[in-house]
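Q: Let me begin by handing over the structure; questions about it come next.
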Amino acid sequence: MPKQLILIRHAKSDWNTPGLADFDRPLNERGYRDAPIMGARLKAGGIQPDCILSSPARRAQSTAECIAAALDFPCAQIDWQQELYLADTSTMLQIIQQTPDNTATLILVAHNPGISMLAAALCGISISMPTCAIVRLECAGDNWYTADNFSLVDFDYPKRKPGNHA
């Protein structure tokens with residue numbers, strides 16, 4: 001059975017509080033609107049994650065919780081990974097490689113530019129992920145540690161029109 005990796009960039013964040021630390025920025029109104037919509041699209045596509053890994057930054061946390069709720073995944077089971085906060089490609093890849101082999105579908109919620117760079121590196125095409133974008137990849141590997149040869153299954157984002165595929 002192929003491994004499925006779903007990369008999600010956090011939803012649109014709020015920049016309206018001067019002096020607020022980057023880590024603590026919440027989602028803005030659009031972010032709170034888009035995250036449940038994108039979660040519903042994943043659910044409509046039959047996605048059932050075995051694991052959700054997320055940056056604990058407030059905007060990523062809120063996005064992960066909205067996605068989890070839409071997928072009936074218990075928020076208490078989201079794995080908050082401090083290393084995902086503003087992580088680069090190699091850090092995210094190391095985190096993915098540590099995923100237990102019995103995990104068939106893994107969701108990773110993180111930040112740009114790292115998440116877009118990871119998506120591009122794994123599928124071999126240039127991808128720039130807007131806020132709340134989802135890149136769905138598949139890999140035929142038996143375990144996450146040696147997983148390579150990912151293929152792009154879908155690239156979705158809030159402003160994408162239905163029927164318009166990557």
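The values are calculated or read from the model by the stated rules, or taken from the named source; none is laboratory data. The model shown is predicted, which means the values in this text are computed figures rather than measured ones. Positions of Cβ are generated from backbone atoms using ideal geometry, with glycine treated the same way; all protein chains shown enter the neighbour counts.
Q: Since Ile6 meets every condition but one in (1) within 17 Å of Ile95 (Cα to Cα); (2) touching a Pro at 6+ places or on another chain (Cβ under 9 Å); (3) surrounded by fewer than 18 Cβ atoms within 10 Å (Cβ to Cβ), which condition does it not meet?
A: That leaves (3) as the condition not met.
Q: Read through the list (1) more than 24 Å from Ala121 (Cα to Cα); (2) in contact with a Gly (Cβ under 9 Å, 6 or more places away or on another chain), then give the number of the only condition that His10 fails.
A: Going through the list (1) more than 24 Å from Ala121 (Cα to Cα); (2) in contact with a Gly (Cβ under 9 Å, 6 or more places away or on another chain), His10 breaks only (1).
Q: Could you please give the count of residues in the stretch 124-154 that are within 15 Å of the chain's Cα centre (by Cα) and either assigned to a loop (DSSP other than H, G, I, E, B) or among the hydrophobic types (A, V, I, L, M, F, W, C) (or both)?
A: Adding up the residues that qualify gives 12.
Q: If I ask for residues that are surrounded by 15 or more Cβ atoms within 10 Å (Cβ to Cβ) and free of Cβ contacts under 8 Å to residues at least 40 places away in the same chain, which ones from the stretch 122-141 would you list?
A: Matches in the stretch 122-141: Cys123, Ile127.
Q: Still on this structure, please answer the following. Out of the residues in the stretch 62-106 that are within 14 Å of the chain's Cα centre (by Cα) and of a type in the set (S, T, N, Q), which is surrounded by the fewest Cβ atoms within 10 Å (Cβ to Cβ)?
A: Here the answer is Thr89.
Q: Let me ask something else. How many of the residues in the stretch 14-44 are crowded, with 16+ Cβ neighbours inside 10 Å and among the small types (Gly, Ala, Ser)?
A: Residues that pass the stated criteria total 3.
Q: Wholly within the stretch 1-115, which helices (runs of 4 or more DSSP H) include no fewer than the required count, namely at least 1 residues that are modelled with pLDDT under 95?
A: Answer list for the stretch 1-115: 89-97.
Q: Right, next: Does any residue in the stretch 64-90 that is without any contact (Cβ under 8 Å) to a residue 12 or more places away in the chain come within less than 7 Å, Cβ to Cβ, of a residue that is in a helix (DSSP H, G or I) six or more places away or on a different chain, and which pairs are these?
A: Cys75/Glu65; Cys75/Ala68; Cys75/Ala69
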